[in-house]
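Working notes, beginning with the structure itself.
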Amino acid sequence: MNLDKLPLWLRVAVASSGGLGVFLVAFLDSSFLTFPVINDLLVISLSMTNHVRMPYYALMATLGSVMGCVVLFFVARKGGEVAFRKHAGGRADRIHGWVARNGFLSVLVAALLPPPAPFKLFVLASGVFRVPLRSFALAVLVARALRYLGIGFLAVQYGEGATRFVFEHKLEVGLIGLLLILASYLASRLAFRRSPSER
């Protein structure tokens, strides 16, 4: 696994603390720094080394990502519209419209899609345009848990082949996860829309 993109102190933290190191990398990646696909690689590597602790590594990556996103969300809420529009460029109005209409789904979709999907733009937009914190955090939690548990499972079942599979088919993996989540979401919405007499 190549950790060259991480600063030396972060590599030491991951090597010495395992799950806590994964949490730290995920938190920093989701807030103020960017380490593309490093979290995936860390979960795969650690899960291959210790199969029993795979759920723990996936949980730490998920929690770190959620907390980092929440920090960025609040920074954007305090006055990040200028930063959002600067980074979004010509996509700003489209992202604004989509987030305004579909706060939960917009974050869920963006969090599931692999790089280079502009996930942080949706985090910033959610804060700037006042998506409810509960919906925002739940969407990130569901998407990241599915992602990290999925790649952890592949690592345990297929070892080194998991790394190649995930990164050779990252779009397909993301889309399959997205379809499963959307199907569950739509099914729950239909269930809640049924009248009391139908239940």
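Only one residue in LEU24, LEU8, LEU41, LEU33 is without any contact (Cβ under 8 Å) to a residue 40 or more places away in the chain and within 23 Å of PHE119 (Cβ to Cβ). Which one?
Just a single option satisfies the conditions, and that option is LEU33.
One residue is enough: does region 16-23 have a residue meeting the conditions more than 20 Å from the chain's Cα centre (by Cα) and over 24 Å from VAL128 (Cβ atoms)?
yes
Considering each of PHE23, PHE74 in turn, give the residue that is within 18 Å of VAL107 (Cα to Cα) and either in contact with an Asp or Glu (Cβ under 6 Å, 6 or more places away or on another chain) or open to solvent by 10 Å² or more (accessible area, probe 1.4 Å) (or both).
PHE74
Need the failing condition index for ALA162 against (1) open to solvent by less than 20 Å² (accessible area, probe 1.4 Å); (2) at pLDDT below 85; (3) of a type in the set (A, V, I, L, M); (4) within 26 Å of ARG85 (Cβ to Cβ), just the number.
(4)
Do we have any residue at all in region 89-102 that's part of a helix (DSSP H, G or I), open to solvent by less than 70 Å² (accessible area, probe 1.4 Å) and at positive phi?
yes
What is the residue count in region 122-157 for residues that are closer than 20 Å to PHE74 by Cα and aliphatic (A, V, I, L, M)?
Counting residues in region 122-157 that are closer than 20 Å to PHE74 by Cα and aliphatic (A, V, I, L, M) gives 13.
Kindly provide the set of residues from region 82-119 that are in contact with a Phe, Trp or Tyr (Cβ under 9 Å, 6 or more places away or on another chain) and among the β-branched types (Val, Ile, Thr), ordered by number.
ILE95, VAL99, VAL107, VAL109
Test TYR148 against the criterion of being free of Cβ contacts under 8 Å to residues at least 60 places away in the same chain, in contact with a helix residue (DSSP H, G or I) (Cβ under 6 Å, 6 or more places away or on another chain) and hydroxyl-bearing (Ser, Thr, Tyr), and give yes or no.
no
Of the residues in region 44-76, how many are at pLDDT below 90 and under 14 Å from the mean Cα position of the chain (by Cα)?
0
Which ones in region 104-120 are modelled with pLDDT under 75 and either within 17 Å of VAL70 (Cα to Cα) or among the aromatic types (Phe, Trp, Tyr) (or both)?
None - no residue of region 104-120 is modelled with pLDDT under 75 and either within 17 Å of VAL70 (Cα to Cα) or among the aromatic types (Phe, Trp, Tyr) (or both), so the list stays empty.
What number of residues within region 103-144 are outside any loop (DSSP other than H, G, I, E, B), in contact with a helix residue (DSSP H, G or I) (Cβ under 6 Å, 6 or more places away or on another chain), closer than 17 Å to GLU81 by Cβ and open to solvent by 30 Å² or more (accessible area, probe 1.4 Å)?
1
The values are calculated or read from the model by the stated rules, or taken from the named source; none is laboratory data. Keep in mind the model is a prediction, meaning the values are calculated, not measured. Note: ideal-geometry Cβ built from the backbone for every residue, glycine included; neighbour counts use all protein chains shown. Remember, those area values only see protein heavy atoms, side chains included, never the ligands or the DNA or RNA. Shrake-Rupley method; radii C 1.70, N 1.55, O 1.52, S 1.80 Å.
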